[in-house]
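Everything on this sheet refers to the single structure shown next.
The values are calculated or read from the model by the stated rules, or taken from the named source; none is laboratory data. Computed from a prediction, not measured in an experiment: that's the story for all the values here. Here the Cβ positions follow ideal geometry from the backbone for every residue, glycine too, while neighbour counts run over all protein chains shown.
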Ligand SMILES: Cc1ncc(COP(=O)(O)O)c(C=O)c1O
(Lines give C-alpha, C1' and ligand atoms only; values in the text may rest on other atoms or scores of the structure.)
Protein backbone atom coordinates (compact mmCIF):
# COMPACT_ATOMS: atom_id res chain seq x y z
CA UNK A 1 0.00 0.00 0.00
CA UNK A 2 1.47 3.39 -1.03
CA UNK A 3 2.02 6.26 1.43
CA UNK A 4 -0.87 8.18 -0.06
CA UNK A 5 -3.33 5.36 0.53
CA UNK A 6 -1.85 4.84 3.99
CA UNK A 7 -2.69 8.39 5.11
CA UNK A 8 -4.57 9.16 8.28
CA UNK A 9 -7.42 10.43 6.13
CA UNK A 10 -7.75 6.98 4.55
CA UNK A 11 -7.76 5.33 7.97
CA UNK A 12 -10.28 7.76 9.41
CA UNK A 13 -12.60 7.23 6.48
CA UNK A 14 -12.97 3.58 7.49
CA UNK A 15 -14.70 4.63 10.72
CA UNK A 16 -17.89 6.50 11.43
CA UNK A 17 -17.50 7.43 15.08
CA UNK A 18 -19.67 10.25 16.40
CA UNK A 19 -17.45 13.37 16.03
CA UNK A 20 -18.66 14.54 19.45
CA UNK A 21 -16.78 11.62 21.05
CA UNK A 22 -13.10 11.33 21.88
CA UNK A 23 -12.97 7.54 21.94
CA UNK A 24 -9.85 6.42 23.81
CA UNK A 25 -11.10 3.04 25.00
CA UNK A 26 -9.97 0.38 22.51
CA UNK A 27 -8.45 -1.61 25.38
CA UNK A 28 -12.03 -2.10 26.66
CA UNK A 29 -14.39 -2.41 23.68
CA UNK A 30 -13.52 -0.86 20.30
CA UNK A 31 -15.91 0.80 17.85
CA UNK A 32 -16.54 -1.23 14.70
CA UNK A 33 -15.17 -0.06 11.36
CA UNK A 34 -17.80 0.90 8.77
CA UNK A 35 -17.12 -2.26 6.76
CA UNK A 36 -17.73 -4.43 9.85
CA UNK A 37 -21.08 -2.80 10.53
CA UNK A 38 -21.93 -3.24 6.81
CA UNK A 39 -20.90 -6.94 6.81
CA UNK A 40 -23.07 -7.67 9.85
CA UNK A 41 -26.02 -5.72 8.39
CA UNK A 42 -25.69 -7.58 5.10
CA UNK A 43 -25.52 -10.91 6.91
CA UNK A 44 -28.64 -10.02 8.92
CA UNK A 45 -30.45 -9.17 5.69
CA UNK A 46 -29.39 -12.44 4.12
CA UNK A 47 -30.61 -14.40 7.16
CA UNK A 48 -33.95 -12.64 7.03
CA UNK A 49 -34.48 -13.17 3.32
CA UNK A 50 -32.74 -16.45 2.51
CA UNK A 51 -32.04 -18.15 5.83
CA UNK A 52 -29.07 -20.50 5.60
CA UNK A 53 -29.65 -21.40 1.92
CA UNK A 54 -26.05 -20.49 1.15
CA UNK A 55 -24.47 -22.06 4.23
CA UNK A 56 -21.43 -23.37 2.28
CA UNK A 57 -20.55 -19.75 1.50
CA UNK A 58 -20.76 -18.92 5.21
CA UNK A 59 -18.31 -21.75 5.88
CA UNK A 60 -16.02 -20.14 3.32
CA UNK A 61 -16.09 -16.90 5.32
CA UNK A 62 -15.27 -18.84 8.47
CA UNK A 63 -12.28 -20.47 6.78
CA UNK A 64 -11.14 -17.09 5.48
CA UNK A 65 -11.29 -15.64 8.98
CA UNK A 66 -9.11 -18.47 10.30
CA UNK A 67 -6.60 -17.85 7.52
CA UNK A 68 -6.58 -14.10 8.23
CA UNK A 69 -5.99 -14.77 11.92
CA UNK A 70 -3.23 -17.27 11.11
CA UNK A 71 -1.59 -14.56 8.95
CA UNK A 72 -1.93 -11.93 11.67
CA UNK A 73 -0.38 -14.25 14.27
CA UNK A 74 2.18 -15.77 11.91
CA UNK A 75 0.80 -19.19 12.81
CA UNK A 76 2.23 -22.05 10.72
CA UNK A 77 -1.20 -23.34 9.75
CA UNK A 78 -4.88 -22.53 9.77
CA UNK A 79 -5.24 -25.83 11.64
CA UNK A 80 -3.64 -24.20 14.68
CA UNK A 81 -6.43 -21.65 15.07
CA UNK A 82 -9.77 -22.36 16.75
CA UNK A 83 -12.64 -19.90 17.00
CA UNK A 84 -13.87 -19.68 20.58
CA UNK A 85 -16.26 -17.61 22.69
CA UNK A 86 -13.66 -15.45 24.37
CA UNK A 87 -10.25 -15.28 26.02
CA UNK A 88 -11.54 -16.76 29.27
CA UNK A 89 -12.87 -19.86 27.52
CA UNK A 90 -9.52 -20.49 25.82
CA UNK A 91 -7.62 -19.99 29.08
CA UNK A 92 -10.01 -22.47 30.68
CA UNK A 93 -9.16 -25.04 27.95
CA UNK A 94 -5.52 -24.78 29.03
CA UNK A 95 -6.18 -24.77 32.77
CA UNK A 96 -8.61 -27.68 32.73
CA UNK A 97 -6.72 -29.59 30.04
CA UNK A 98 -3.13 -29.86 31.29
CA UNK A 99 -2.28 -32.84 33.52
CA UNK A 100 -1.65 -31.21 36.92
CA UNK A 101 -0.11 -32.80 39.99
CA UNK A 102 0.12 -31.44 43.51
CA UNK A 103 3.11 -29.14 43.85
CA UNK A 104 3.27 -28.10 40.20
CA UNK A 105 4.01 -24.39 39.81
CA UNK A 106 2.37 -21.85 37.54
CA UNK A 107 4.16 -18.54 37.14
CA UNK A 108 2.17 -15.44 36.25
CA UNK A 109 2.27 -11.74 37.14
CA UNK A 110 0.46 -9.68 39.78
CA UNK A 111 -1.04 -7.39 37.11
CA UNK A 112 -3.18 -9.89 35.20
CA UNK A 113 -6.80 -9.28 34.24
CA UNK A 114 -9.07 -11.61 36.30
CA UNK A 115 -9.47 -13.98 33.29
CA UNK A 116 -5.79 -14.85 33.53
CA UNK A 117 -5.76 -15.13 37.32
CA UNK A 118 -8.93 -16.91 38.37
CA UNK A 119 -8.41 -19.98 36.13
CA UNK A 120 -5.07 -20.65 37.80
CA UNK A 121 -6.34 -19.94 41.30
CA UNK A 122 -9.13 -22.46 40.69
CA UNK A 123 -6.44 -25.09 40.03
CA UNK A 124 -4.66 -24.24 43.25
CA UNK A 125 -7.81 -25.15 45.17
CA UNK A 126 -8.52 -28.28 43.13
CA UNK A 127 -5.09 -29.87 42.63
CA UNK A 128 -2.77 -28.14 45.07
CA UNK A 129 -0.98 -26.35 42.26
CA UNK A 130 1.14 -23.41 43.39
CA UNK A 131 0.46 -20.09 41.65
CA UNK A 132 3.30 -17.57 41.87
CA UNK A 133 2.33 -13.99 41.02
CA UNK A 134 5.43 -11.99 40.18
CA UNK A 135 5.39 -8.26 40.91
CA UNK A 136 5.98 -6.28 37.72
CA UNK A 137 5.72 -2.65 38.90
CA UNK A 138 9.09 -1.12 39.63
CA UNK A 139 11.02 -4.04 38.10
CA UNK A 140 13.76 -2.75 35.88
CA UNK A 141 13.73 -6.07 34.02
CA UNK A 142 10.23 -7.63 34.37
CA UNK A 143 11.07 -10.54 32.06
CA UNK A 144 14.04 -11.49 34.26
CA UNK A 145 11.77 -11.40 37.32
CA UNK A 146 9.31 -13.80 35.65
CA UNK A 147 12.12 -16.12 34.59
CA UNK A 148 13.63 -16.06 38.09
CA UNK A 149 10.31 -17.24 39.55
CA UNK A 150 10.36 -20.43 37.44
CA UNK A 151 11.85 -23.51 39.09
CA UNK A 152 12.05 -27.21 38.19
CA UNK A 153 8.43 -27.72 39.30
CA UNK A 154 7.14 -25.02 36.93
CA UNK A 155 4.81 -26.41 34.26
CA UNK A 156 3.43 -23.18 32.84
CA UNK A 157 4.22 -19.49 32.37
CA UNK A 158 0.88 -17.69 31.85
CA UNK A 159 1.19 -14.04 31.03
CA UNK A 160 -0.54 -11.21 29.18
CA UNK A 161 1.56 -9.86 26.36
CA UNK A 162 0.42 -6.37 27.34
CA UNK A 163 -0.89 -5.67 30.82
CA UNK A 164 -4.44 -4.30 30.75
CA UNK A 165 -3.91 -1.65 33.43
CA UNK A 166 -0.29 -0.49 33.20
CA UNK A 167 0.00 -1.09 29.45
CA UNK A 168 3.35 -2.85 29.97
CA UNK A 169 4.36 -4.86 26.89
CA UNK A 170 6.65 -7.81 27.58
CA UNK A 171 9.43 -9.26 25.45
CA UNK A 172 7.70 -12.46 24.35
CA UNK A 173 10.62 -13.75 22.32
CA UNK A 174 12.82 -13.71 25.40
CA UNK A 175 10.18 -15.42 27.55
CA UNK A 176 9.37 -17.95 24.83
CA UNK A 177 13.04 -18.83 24.34
CA UNK A 178 13.41 -19.41 28.08
CA UNK A 179 10.24 -21.56 28.26
CA UNK A 180 11.31 -23.65 25.32
CA UNK A 181 14.74 -24.32 26.86
CA UNK A 182 13.26 -25.02 30.30
CA UNK A 183 10.46 -27.23 28.93
CA UNK A 184 7.72 -25.00 30.36
CA UNK A 185 4.42 -24.42 28.55
CA UNK A 186 4.13 -20.79 27.40
CA UNK A 187 0.58 -19.40 27.47
CA UNK A 188 -0.07 -15.83 26.34
CA UNK A 189 -3.25 -13.80 26.83
CA UNK A 190 -2.85 -11.70 23.71
CA UNK A 191 -6.02 -9.61 23.85
CA UNK A 192 -4.19 -6.32 24.47
CA UNK A 193 -1.67 -6.94 21.66
CA UNK A 194 -3.23 -8.63 18.67
CA UNK A 195 -4.35 -5.92 16.27
CA UNK A 196 -2.48 -3.20 18.21
CA UNK A 197 1.14 -4.32 17.75
CA UNK A 198 2.93 -7.18 16.04
CA UNK A 199 2.37 -10.56 17.64
CA UNK A 200 4.24 -13.56 16.27
CA UNK A 201 3.45 -16.95 17.80
CA UNK A 202 6.24 -18.64 15.84
CA UNK A 203 9.06 -16.20 16.63
CA UNK A 204 7.99 -16.15 20.28
CA UNK A 205 7.69 -19.96 20.52
CA UNK A 206 4.24 -19.66 22.08
CA UNK A 207 2.35 -22.87 22.90
CA UNK A 208 -1.06 -21.33 23.66
CA UNK A 209 -2.34 -17.86 22.71
CA UNK A 210 -5.82 -16.43 22.91
CA UNK A 211 -7.78 -13.22 22.45
CA UNK A 212 -11.33 -12.03 22.06
CA UNK A 213 -12.23 -9.94 19.02
CA UNK A 214 -13.73 -6.82 20.55
CA UNK A 215 -10.62 -4.81 21.44
CA UNK A 216 -7.75 -4.12 19.04
CA UNK A 217 -9.16 -6.62 16.53
CA UNK A 218 -12.09 -4.18 16.15
CA UNK A 219 -14.71 -6.94 15.99
CA UNK A 220 -17.85 -7.88 17.88
CA UNK A 221 -17.80 -9.28 21.42
CA UNK A 222 -18.17 -13.02 21.90
CA UNK A 223 -15.85 -14.37 19.21
CA UNK A 224 -12.15 -14.90 19.74
CA UNK A 225 -9.34 -17.21 18.73
CA UNK A 226 -7.37 -19.93 20.48
CA UNK A 227 -3.98 -20.71 18.94
CA UNK A 228 -2.19 -23.96 19.82
CA UNK A 229 0.81 -25.80 18.42
CA UNK A 230 0.03 -29.44 17.55
CA UNK A 231 2.06 -30.65 20.56
CA UNK A 232 0.35 -28.20 22.90
CA UNK A 233 -3.17 -29.15 21.85
CA UNK A 234 -2.36 -32.86 22.09
CA UNK A 235 -1.30 -32.27 25.69
CA UNK A 236 -4.75 -30.94 26.62
CA UNK A 237 -7.53 -33.23 27.80
CA UNK A 238 -10.81 -32.02 26.38
CA UNK A 239 -13.87 -31.05 28.39
CA UNK A 240 -16.25 -29.69 25.75
CA UNK A 241 -17.71 -32.22 23.32
CA UNK A 242 -20.17 -32.12 20.44
CA UNK A 243 -20.82 -32.80 16.77
CA UNK A 244 -18.45 -30.14 15.48
CA UNK A 245 -15.21 -31.08 17.26
CA UNK A 246 -14.73 -34.51 15.67
CA UNK A 247 -12.38 -35.43 12.86
CA UNK A 248 -15.18 -36.54 10.52
CA UNK A 249 -17.42 -33.52 11.01
CA UNK A 250 -20.73 -33.69 9.13
CA UNK A 251 -20.82 -37.51 8.96
CA UNK A 252 -23.75 -37.71 11.35
CA UNK A 253 -24.40 -41.43 10.86
CA UNK A 254 -20.93 -42.44 11.90
CA UNK A 255 -20.81 -43.81 15.46
CA UNK A 256 -17.07 -43.96 16.04
CA UNK A 257 -15.31 -40.63 16.48
CA UNK A 258 -12.03 -39.04 17.45
CA UNK A 259 -11.34 -35.39 18.27
CA UNK A 260 -10.31 -33.37 15.22
CA UNK A 261 -6.55 -33.31 14.73
CA UNK A 262 -6.78 -29.57 14.16
CA UNK A 263 -7.68 -26.90 16.70
CA UNK A 264 -11.31 -27.44 15.62
CA UNK A 265 -11.34 -29.94 18.51
CA UNK A 266 -11.96 -26.88 20.72
CA UNK A 267 -15.08 -25.88 18.76
CA UNK A 268 -17.74 -28.17 20.17
CA UNK A 269 -20.88 -27.01 18.31
CA UNK A 270 -22.38 -24.48 15.90
CA UNK A 271 -20.19 -21.46 15.19
CA UNK A 272 -20.90 -17.82 15.98
CA UNK A 273 -21.52 -17.00 12.33
CA UNK A 274 -22.71 -13.42 12.76
CA UNK A 275 -19.58 -12.72 14.81
CA UNK A 276 -17.53 -14.42 12.11
CA UNK A 277 -18.85 -12.05 9.45
CA UNK A 278 -18.06 -9.05 11.64
CA UNK A 279 -14.61 -10.17 12.75
CA UNK A 280 -13.58 -11.23 9.23
CA UNK A 281 -14.32 -7.71 7.95
CA UNK A 282 -12.34 -6.11 10.80
CA UNK A 283 -9.29 -8.37 10.49
CA UNK A 284 -9.24 -7.82 6.73
CA UNK A 285 -8.94 -4.10 7.38
CA UNK A 286 -6.05 -4.63 9.81
CA UNK A 287 -4.22 -6.79 7.28
CA UNK A 288 -4.79 -4.24 4.50
CA UNK A 289 -3.27 -1.45 6.57
CA UNK A 290 -0.48 -3.73 7.74
CA UNK A 291 0.16 -4.62 11.34
CA UNK A 292 3.69 -3.15 11.21
CA UNK A 293 2.23 0.24 10.21
CA UNK A 294 -0.44 -0.01 12.88
CA UNK A 295 2.10 -1.01 15.54
CA UNK A 296 4.46 1.82 14.64
CA UNK A 297 1.64 4.37 14.83
CA UNK A 298 0.27 3.04 18.12
CA UNK A 299 3.67 3.04 19.80
CA UNK A 300 4.47 6.54 18.48
CA UNK A 301 1.09 7.78 19.72
CA UNK A 302 1.60 6.22 23.15
CA UNK A 303 4.99 7.94 23.46
CA UNK A 304 3.45 11.22 22.32
CA UNK A 305 0.61 10.84 24.81
CA UNK A 306 3.03 10.25 27.71
CA UNK A 307 4.97 13.35 26.61
CA UNK A 308 1.96 15.66 26.56
CA UNK A 309 0.52 14.16 29.75
CA UNK A 310 3.75 14.64 31.63
CA UNK A 311 4.04 18.29 30.62
CA UNK A 312 0.66 18.78 32.35
CA UNK A 313 1.16 19.68 36.02
CA UNK A 314 0.56 16.92 38.61
CA UNK A 315 0.19 14.16 35.99
CA UNK A 316 2.41 11.08 36.26
CA UNK A 317 2.31 8.22 33.76
CA UNK A 318 2.17 4.67 35.15
CA UNK A 319 3.01 3.31 31.69
CA UNK A 320 6.73 3.15 30.96
CA UNK A 321 8.12 5.66 28.46
CA UNK A 322 9.96 3.03 26.51
CA UNK A 323 8.90 2.07 22.97
CA UNK A 324 9.66 -1.62 23.50
CA UNK A 325 7.49 -1.71 26.64
CA UNK A 326 4.51 0.14 25.11
CA UNK A 327 1.60 -0.85 22.88
CA UNK A 328 -1.69 1.08 22.69
CA UNK A 329 -2.36 1.69 26.41
CA UNK A 330 -1.26 4.71 28.42
CA UNK A 331 -2.35 4.92 32.07
CA UNK A 332 -1.61 7.82 34.39
CA UNK A 333 -2.42 9.28 37.79
CA UNK A 334 -3.08 12.86 38.81
CA UNK A 335 -2.03 14.01 42.24
CA UNK A 336 -4.92 14.67 44.63
CA UNK A 337 -7.66 13.53 42.24
CA UNK A 338 -10.44 10.92 42.64
CA UNK A 339 -9.82 9.06 39.38
CA UNK A 340 -13.11 7.15 39.38
CA UNK A 341 -15.10 10.38 39.59
CA UNK A 342 -12.85 12.11 37.07
CA UNK A 343 -13.48 9.32 34.57
CA UNK A 344 -17.22 9.75 34.98
CA UNK A 345 -16.95 13.50 34.30
CA UNK A 346 -14.78 12.86 31.25
CA UNK A 347 -17.33 10.38 29.93
CA UNK A 348 -20.11 12.97 30.38
CA UNK A 349 -18.04 15.35 28.24
CA UNK A 350 -17.60 12.73 25.52
CA UNK A 351 -14.12 11.49 26.40
CA UNK A 352 -14.52 7.72 26.58
CA UNK A 353 -11.74 6.12 28.63
CA UNK A 354 -11.38 3.78 31.61
CA UNK A 355 -10.53 3.79 35.31
CA UNK A 356 -7.88 1.08 35.67
CA UNK A 357 -4.92 0.37 37.93
CA UNK A 358 -5.95 3.23 40.21
CA UNK A 359 -5.59 5.77 37.40
CA UNK A 360 -7.06 6.83 34.07
CA UNK A 361 -6.38 4.62 31.06
CA UNK A 362 -6.33 6.11 27.57
CA UNK A 363 -6.26 3.61 24.71
CA UNK A 364 -6.51 5.32 21.30
CA UNK A 365 -6.02 3.34 18.10
CA UNK A 366 -3.97 3.91 14.96
CA UNK A 367 -6.66 5.73 12.99
CA UNK A 368 -6.90 8.57 15.49
CA UNK A 369 -4.37 11.33 14.96
CA UNK A 370 -2.26 13.24 17.45
CA UNK A 371 -4.67 16.16 17.22
CA UNK A 372 -7.29 14.03 18.98
CA UNK A 373 -4.78 13.20 21.71
CA UNK A 374 -4.08 16.93 22.20
CA UNK A 375 -7.80 17.60 22.51
CA UNK A 376 -8.20 14.77 25.01
CA UNK A 377 -5.38 16.05 27.22
CA UNK A 378 -6.76 19.62 27.08
CA UNK A 379 -10.16 18.35 28.17
CA UNK A 380 -8.57 16.25 30.92
CA UNK A 381 -6.67 19.29 32.24
CA UNK A 382 -9.89 21.31 32.29
CA UNK A 383 -11.91 18.63 34.10
CA UNK A 384 -9.14 17.86 36.59
CA UNK A 385 -8.73 21.59 37.27
CA UNK A 386 -5.03 21.61 36.27
C1 LIG B 1 -5.75 -8.92 29.49
C2 LIG B 1 -7.20 -9.25 29.32
N3 LIG B 1 -7.58 -10.54 29.19
C4 LIG B 1 -8.87 -10.88 28.98
C5 LIG B 1 -9.86 -9.90 28.89
C6 LIG B 1 -11.27 -10.27 28.59
O7 LIG B 1 -11.48 -11.61 28.48
P8 LIG B 1 -12.71 -12.21 27.67
O9 LIG B 1 -12.34 -12.20 26.23
O10 LIG B 1 -12.84 -13.55 28.23
O11 LIG B 1 -13.90 -11.36 27.95
C12 LIG B 1 -9.51 -8.56 29.05
C13 LIG B 1 -10.56 -7.51 28.99
O14 LIG B 1 -10.40 -6.41 29.43
C15 LIG B 1 -8.16 -8.23 29.24
O16 LIG B 1 -7.77 -6.95 29.32
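What the table below lists for this structure:
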item: Extreme residue, farthest from the chain's Cα centre (by Cα), among residues of segment 350-365 that are over 14 Å from residue 25 (Cβ atoms) and either surrounded by fewer than 22 Cβ atoms within 10 Å (Cβ to Cβ) or at pLDDT below 95 (or both); result: 358
item: Tally of residues being within 8 Å of the ligand (Cβ to nearest atom) and surrounded by fewer than 24 Cβ atoms within 10 Å (Cβ to Cβ) across segment 209-228; result: 1
item: Selection within segment 282-298 - under 16 Å from the mean Cα position of the chain (by Cα) and under 12 Å from residue 198 (Cβ atoms); result: 286, 291, 294, 295, 298
item: Boolean, residue 35 is closer than 17 Å to residue 366 by Cα, surrounded by 14 or more Cβ atoms within 10 Å (Cβ to Cβ), outside the structural domain of residue 327 (by TED's automatic domain parsing) and touching a residue at least 40 places away in the same chain (Cβ under 8 Å); result: yes
item: Test: residue 119 is away from the ligand (no atom under 15 Å from the Cβ) and surrounded by 14 or more Cβ atoms within 10 Å (Cβ to Cβ); result: no
item: Residue identified as under 25 Å from residue 296 (Cβ atoms) and within 15 Å of the ligand (Cβ to nearest atom) among 175, 83, 170; result: 170
item: Test for residue 146: is it surrounded by 21 or more Cβ atoms within 10 Å (Cβ to Cβ), away from the ligand (no atom under 15 Å from the Cβ), assigned by TED's automatic domain parsing to the domain that holds residue 227 and in contact (Cβ under 8 Å) with a residue 60 or more places away in the chain; result: no
item: Residue match in segment 107-114 (condition: within 11 Å of the ligand (Cβ to nearest atom), surrounded by fewer than 16 Cβ atoms within 10 Å (Cβ to Cβ) and either within 22 Å of residue 325 (Cα to Cα) or not assigned by TED's automatic domain parsing to the domain that holds residue 216 (or both)); result: yes
item: Residue 156 being touching a residue at least 12 places away in the same chain (Cβ under 8 Å), under 23 Å from the mean Cα position of the chain (by Cα) and within 16 Å of the ligand (Cβ to nearest atom); result: no
item: Any pair with Cβ under 7 angstrom, 6 or more apart, that starts in segment 243-268 at a residue that is outside the structural domain of residue 233 (by TED's automatic domain parsing) and ends at one that is at pLDDT below 95; result: none
